[in-house]
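Heads up: the structure comes next, in structure tokens.
Please treat every number below as a calculation from the coordinates, not as lab data. None of these values were measured; they are calculated from a predicted model. Reconstructed Cβ throughout: ideal geometry from the backbone, glycine too, with neighbour counts over all protein chains shown.
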Amino acid sequence: MYDVIIVGCGVTGAATAFTLSRYRLSVLVLEKENDIAMGATRANSAIIHAGYDPEPGTLMARLNVKGCEMAQELCGRLDVPYKNCGSLVLAFDEKDIETLHVLYERGVKNGVKQLEIISGARLREIEPNVSQSAAAALYAPTSGIVNPWEYALAMAEVAALNGVRFLLSHPVTSISKHDGCFTVSCGSEQFDARYVINAAGVDSAVVHEMVAEKAFAITPSRGDYFLLDKSEGSRAMHTLFQCPGPAGKGVLVSPTVHGNLLVGPNAVSCSDAHRVNTTADGLAFVKQHALKSVPSVNFRDTIRSFAGMRANSDQNDFIIGFPVPRFLDLAGIKSPGLTCAPATGEYAAELLEKNGLELIPKESPVTSRRKIRFKELSIAEKQRLIAEDPLYGRVICRCETVTEGEIVEACHSPIPPVSVDGIKRRAGTGMGRCQGGFCGPRVLEILCRERGISPLDALKDGEGSFILFGETKAGGRT
């Protein structure tokens, strides 16, 4: 019998587990994918939003501003890449300028600090590559950028160190209630809990309807992105938005914490919530609109395109509450859900306590973590590390200078990866210009060695994504 079962482990589920792990509770996280952060968390704009977008008085507004305020300190404590770069919403005509004033007033009501509307001349002083057609901008210095999947991983790993149990590849198939408790089924396996939290992202309506009447619908929206080489990384110094519309915040141009340039997304409603392929039309739309903001972006330096999925709902706010006693929905968590995550986790704990869950703090829970990033060390530190473990002296990923020691450390992390891309999300291999073309076979070799599996059983990413399918007649692999 667990005190709490969390269904789903994107950034919201991870943050909730992180918060609850500080208390004397037995907590189980059930995730249908073979790794955490495999949905919206791993494919998004990576923005820590300031908080001027949500309507005042909404949960979204409250949690956005608090989550933004928490992000920098939390990322520092968890050793997660974060940059307080600020954001700019660009105005190109009088109608856009009116929108800037609406956003400014909204932000002030929401408690966003340091907001200001700046002229086109000042805009080009701080963003020399921005379009000459931009007449003004809303400047939000408190906005930032983060590594989204590492943000989720860091919180989940600390939760695991504090005793939270994570079961991956465990899709929830049914939930029943009896004698005041829940039985959560994953196929033939069953788990009992006093409380259940629904953090299932695009599947949150499905999980909700396992215990309650239909109350909302998830209408997933796909967005296409370009990731450009670091040679384009200085094309924008801030996150550059265009004025938002009915489809969302629009196409952005933004630096990343790794020094690349990110461009996107569009917004297309999807009937299949789990189909996240890019489309030629979608990428063409993104490119056209991005060039309106920064005409000099060189899309020939694209190293990867990808698509993400948002859990949009038919509600105007996050869906957070108890449809039945002891079953808490954290549903419809669309943008700015990444920003809100740590605040959402704390809010979830507050709601559980108000609904009867006793929260007794642990005496000395783990609250931080540290990672070795070889390329960021001084020469003396690198020499000491290699003397202690020679594996740190073998560079596997040349683009990002990731060593074998870092890959082995990732393989034995609190929530160990089961795929090549799982190592990528933990160690950064394959993130550079060649996108794993050089280091991929070596990462595969290390993954198989550390897990004790055959290369024929190794995965690229999700379940079924086998890399190799047989041996050649020469005894090698194909």
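Each residue of segment 168-173 was assigned a 3J(HN,Hα) from its phi angle through the Karplus curve 6.51 cos²θ - 1.76 cosθ + 1.60 (θ = phi - 60°); the sequence is 8, 6, 10, x, 7, 9 Hz, with glycine and proline shown as x. Our coupling estimate for segment 308-321, obtained by passing each phi through the Karplus curve with A = 6.51, B = -1.76, C = 1.60 and θ = phi - 60°, is x, 10, 9, 8, 5, 10, 8, 9, 8, 8, 4, 9, 10, x Hz, Gly and Pro reported as x.
Going by neighbour counts of Cβ atoms within 10 Å, the residues 412, 170, 289 line up, fewest first, as 412, 289, 170.
Could you tell me which GluC sites (Glu not before Pro) in segment 324-432 are loop residues by DSSP with no more than 12 other beta carbons within 10 angstrom of their beta carbon? Here the GluC sites (Glu not before Pro) that fit, given the DSSP loop and packing criteria, are 358, 363. Reported value for segment 75-208: 195 Å³ per residue, from the convex hull of its C-alpha atoms.
Using only Cα atoms, locate the centre of segment 369-427 and the centre of segment 108-144, then give the distance between them in Å, rounded to an integer. About 38 Å separates the Cα centre of segment 369-427 from the one of segment 108-144. Less than 5 angstrom separates the built amide H of residue 328 from those of 196, 197, 198, all sequence-distant by 5 or more or on a different chain.
How big is D, in µm² s⁻¹, for segment 346-460 by Stokes-Einstein at 4 °C and 1.567 mPa s if Rh is the Kirkwood radius over C-alpha pairs? Please report the intermediate quantities before stating the final value.
Details: Rh = 16.3 Å.
The calculation lands on 80 µm²/s.
In plain terms, the C-alpha convex hull of segment 256-406 casts an average shadow of 15.4 nm² when viewed from every direction.
Just in segment 291-323: which trypsin sites (Lys or Arg not before Pro) are loop by DSSP and have at most 11 other Cβ atoms within 10 Å? Walk me through the numbers before you get to the answer.
Numbers: sites: 292, 300, 304, 310; in loops: none.
Loop-located and lightly packed - none at all.
For residue 252, the residues whose amide H sits under 5 Å from its own are 264, ignoring neighbours fewer than 5 places away on the same chain, with H placed 1.01 Å from N. Cβ-Cβ distance of residue 317 and residue 113, R₀ of 22 Å, FRET efficiency by 1/(1 + (r/R0)^6): the value works out to about 0.45.
Among 236-242, 214-220, 133-139, what's the highest-first ranking by average C-beta atoms within 10 angstrom per residue? Write out the running numbers ahead of the final one.
On the way: 236-242: 23.1, 214-220: 16.9, 133-139: 21.6.
Per-residue Cβ counts within 10 Å, averaged per peptide and sorted highest first, yield 236-242, 133-139, 214-220.
Per-residue Karplus couplings for segment 208-218, computed as 6.51 cos²θ - 1.76 cosθ + 1.60 with θ equal to phi - 60°, are listed in order as 4, 6, 6, 10, 9, 5, 4, 10, 7, 10, 9 Hz, Gly and Pro entered as x.
Where does each of 148-156, 433-441 land if you order them by average Cβ count within 10 Å, highest first?
Values: 148-156: 26.4, 433-441: 17.0.
Ranked by mean Cβ neighbours within 10 Å, highest first: 148-156, 433-441.
Here segment 400-478 was treated as a single set of alpha-carbon atoms; its pair distances binned every 5 Å from 0 give 3, 16, 28, 26, 16, 8, 3, 0 percent. Loop-resident trypsin sites (Lys or Arg not before Pro) (DSSP state other than H, G, I, E or B) in segment 1-99 with no more than 15 further Cβ atoms inside 10 Å of their Cβ: 24. What the Cβ-Cβ distance of residue 364 and residue 1 gives, at R0 = 22 Å and to the nearest 0.05, is a FRET efficiency of 0.30. Quote the relative contact order of segment 374-457 in percent (integer), defining contacts as alpha-carbon pairs under 8 Å separated by 6+ residues. Relative contact order here is 25 percent.
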